[in-house]
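Structure first, commentary second.
A short reminder: the numbers here are calculations on the coordinates, not readings from a lab. This is a predicted model, so every value here is computed, not measured. Positions of Cβ are backbone-derived with ideal geometry, glycine not excepted, and every protein chain shown enters the neighbour counts.
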Amino acid sequence: MNLCIGHQPLTKAETALLTTLHWAVLIASGTMIAWITRDTLAGNAFLANPSYRRFQLWVCILFQVDIIVEWLFAPKKWHFIVRHLFFILVSIPYLNIVEVAGIHPSSQALYLLSIVPMIRAAFVFAMITGALTSSRVMSTFYVYLIWLCASVFFAGLMFYEGEHYINPQVDTLWTALWWAAMSMSTAGCYIDPVTTTGNVMEVILSAEGMMLIPVFTVYITRAVIGPQSTDTDTSTQQS
């Protein structure tokens, strides 16, 4: 797998280092996802668990190390910071900062803070999957597909956490995931949010769906028509 930063190819040693960091990020984040999902379904308050908060701190530190290494390899330092500003922000251990500062946000806000670091993990996983694909068109398609699935899962998890105690329509995690998927498709769902968090997430998912779904159509079309066009051009030239 050949990685590049800022369109500059990396050496084998640099590629190996970045790949190792990326996989470490994925493994740590996968553990966080499993931890949160298990405790959410069991009704356990994982946010009150000191072990979980310490683990998330170390995961965020790992994210920061990954960012610093990528920044050191980048030929244009400021350009790298601007391009990756969003992922730098989601790598900050907000949950631990809130705890040290003695701030007491709402339970929904705390839950959001606990999921924020996973956004970067989803992005890294999408990048690695794309890099393993030889076709550039399909590589970009896989990146968008993984991002879409991650958005549905995290939104469904947050919706379930915020609504299942007070909304009789949200009885299982699968119901919440169905709501998230239908909201992103902009088709609408029979489940009506009753919390402010649910209503806000419904708007965000709809907006994200309107941006991402047309992209899928474009890349599928290019993936199917592209090779056919190439074959047609080759046949024409041979004639």
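Worth a mention:
- Computed label-point distance, nm, for sites residue 104 and residue 38 using a 7 Å Cα→Cβ extension: 3.1 nm
- Total formal charge among the other residues, if their Cβ is under 12 angstrom from that of residue 202, Lys/Arg +1 and Asp/Glu -1: -3
- Other residues with beta-carbon under 12 Å from the beta-carbon of residue 184 carry, at +1 per Lys or Arg and -1 per Asp or Glu, a net charge of -2.
- Each Lys or Arg adds one and each Asp or Glu takes one away; over the other residues whose Cβ falls under 13 Å from the Cβ of residue 100, this sums to +1.
- By average C-beta atoms within 10 angstrom, highest first, the peptides 71-77, 51-57: 51-57, 71-77
- Phi-based couplings in Hz for the range 68-74 (Karplus 6.51, -1.76, 1.60; Gly and Pro marked x): 4, 5, 4, 5, 5, 7, 6
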